[in-house]
Amino acid sequence: AEEIDLLDEAGYIIYRTFPKKNGYYPNDDHMGAPLSDDYSNLKYGRVADKAMIHAYVTFIEEIQDDIELDDDGNIPQEMCSYYEALIDRAVATAMESEISDFSSYVDPAQNVLSIQRMTVACKIRPRGCLRDIIVNLGFENPAIKQ
């Protein structure tokens, strides 16, 4: 069991058994990246890939469109809010059962007049994954009051 734990901690996919359960089961869905990395597991990579596709599909319609700018050449706050709502709604609708939360931010201090580009920062809160379940089991004596 110690060797299996070492292989698991090193990021290898191995098959294991469980007492009283037939068959072999993979230990995890490691991706050959450090376990501290955002993409260390296949499930997280799939979520990020899908969110990126939705961001692409959402914003492809906005490419080469004229937008209103403020006096400094920056994106007005109401346009930033519009772009944030656009991507938030698209991802929330498409990935409702696959993520816990999604948020985006468009910094209004982007001089589109000079750089002709807009950057959108998006954050995904993935769903959790129960890798272990610890059950604390004990006896209770109703005659003993605590």
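The values are calculated or read from the model by the stated rules, or taken from the named source; none is laboratory data. These numbers were taken from a predicted model, which means no experiment stands behind them. Neighbour counts are summed over all protein chains in view; Cβ atoms, including those assigned to glycine, are modelled from backbone coordinates with ideal geometry. Accessible surface areas use protein heavy atoms only, side chains included; no ligands, DNA or RNA. Shrake-Rupley method; radii C 1.70, N 1.55, O 1.52, S 1.80 Å.
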- request: Note down the magnitude of the dipole of the chain about its Cα centre, charges +1 on Lys and Arg C-beta and -1 on Asp and Glu C-beta and zero elsewhere, to the nearest 20 debye.
  value: 1100
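Volume per residue, Å³, of the convex hull around the alpha-carbon atoms of the stretch 42-93?
With only Cα atoms used, the stretch 42-93 gives 89 Å³ per residue.
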task: May I ask you to give the solvent-accessible area per residue for the chain, in square angstrom, as obtained with a 1.4 angstrom probe?
output: 80
statement: Expected sort for 13-25, 103-115, 129-141 on mean C-beta neighbours within 10 Å, highest first, is 103-115, 13-25, 129-141
message: Accessible area of the chain with a 1.4 Å probe: how many percent of it is carbon plus sulfur?
response: 53
Viscosity 1.002 mPa s, temperature 20 °C, Stokes-Einstein D of the stretch 83-146 from Kirkwood C-alpha radius, µm²/s: 132
query: Looking at the stretch 34-117, which GluC sites (Glu not before Pro) are in a loop (DSSP not H, G, I, E or B) and have at most 14 other Cβ atoms within 10 Å?
result: E61, E62, E68, E96
task: Counting residues in the stretch 9-146 as N, plug N into 2.2 N^0.38 Å and put the Cα Rg over that result.
output: 1.63
- request: Using the charge dipole of the chain (Lys, Arg: +1 at Cβ; Asp, Glu: -1 at Cβ; taken about the Cα centre), state which of Q110, F139, I99 has its Cα farthest towards the positive end.
  value: F139
